[in-house]
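The values are calculated or read from the model by the stated rules, or taken from the named source; none is laboratory data. Every value quoted in this text rests on a predicted model; they were computed, and no experiment measured them. Here Cβ is always computed from backbone atoms with ideal geometry, including for glycine, and neighbour counts include all displayed protein chains. Ligands, DNA and RNA are stripped out before the accessible areas are found, and what is left, the full protein with its side chains, is counted by its heavy atoms. Shrake-Rupley method; radii C 1.70, N 1.55, O 1.52, S 1.80 Å.
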Amino acid sequence: AYDGPPRRAQAWAGTDRQCRGRLMGVVRDAEGPVHVSALVAAWPEPEQRERCLAGLVADRLLVRAADSAYALP
């Protein structure tokens with residue numbers, strides 16, 4: 001058993017991890033490619049959203065289906 005001081009939990013709200021999860025959820029729940037407007041509605045902060053989308057594409061979890069749409073590979 002751990003007898004040291006209480007450990008502080010990692011923050012979740014507003015993190016890239018939360019953003020990526022929310023974006024993946026939108027794409028996963030869709031029946032086809034998702035227009036970027038749906039992703040904007042899911043995560044309105046543009047800089048973080050674009051960074052997370054780029055990371056998801058680089059990690060091959062998402063693919064660009066068109067200029068303004070994303071889909072699962």
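Given a cut-off of under 8 Å on Cα pairs at least six residues apart, what relative contact order in percent is computed for the chain? It comes to 30 percent, rounded to a whole number. Can you pull the Kirkwood radius for the chain, inverse mean 1/r over Cα pairs, to one decimal in Å? Result for the chain, one decimal place: 13.3 Å. Looking at the chain, the chymotrypsin sites (Phe, Trp or Tyr not before Pro) that sit in a DSSP loop and have at most 14 other Cβ atoms within 10 Å of their own Cβ are TYR2, TRP12.
Annotation: amide H-H contacts under 5 Å for ALA65 (H modelled 1.01 Å from N, sequence separation of 5 or more, or interchain): TYR70, ALA71. What angle do you read, to the nearest 10 degrees and between 0 and 90, between the alpha-carbon axis of helix 46-58 and the longest principal axis of the chain? Computed tilt is about 80 degrees. With R₀ fixed at 22 Å, the C-beta to C-beta distance from ALA71 to ALA11 puts the FRET efficiency at about 0.15.
For the chain, what does -39500 (n - 2.57) per DSSP helix run (n ≥ 4), summed and divided by total residues, give at 222 nm, in deg cm²/dmol to the nearest 500? Working shown, then result.
On the way: 3 runs with 34 residues, N = 73.
Rounded to the nearest 500, it is -14000 deg cm²/dmol.
Mind checking the per residue accessible area of the chain for me, 1.4 Å probe, whole number of Å²? Before the final figure, lay out each step's value.
Values: 5210 Å² over 73 residues.
Normalised by residue count, the accessible surface of the chain is 71 Å².
Nonpolar atom fraction for the chain, defined as the carbon and sulfur part of the 1.4 Å probe accessible area, stands at 54 percent.
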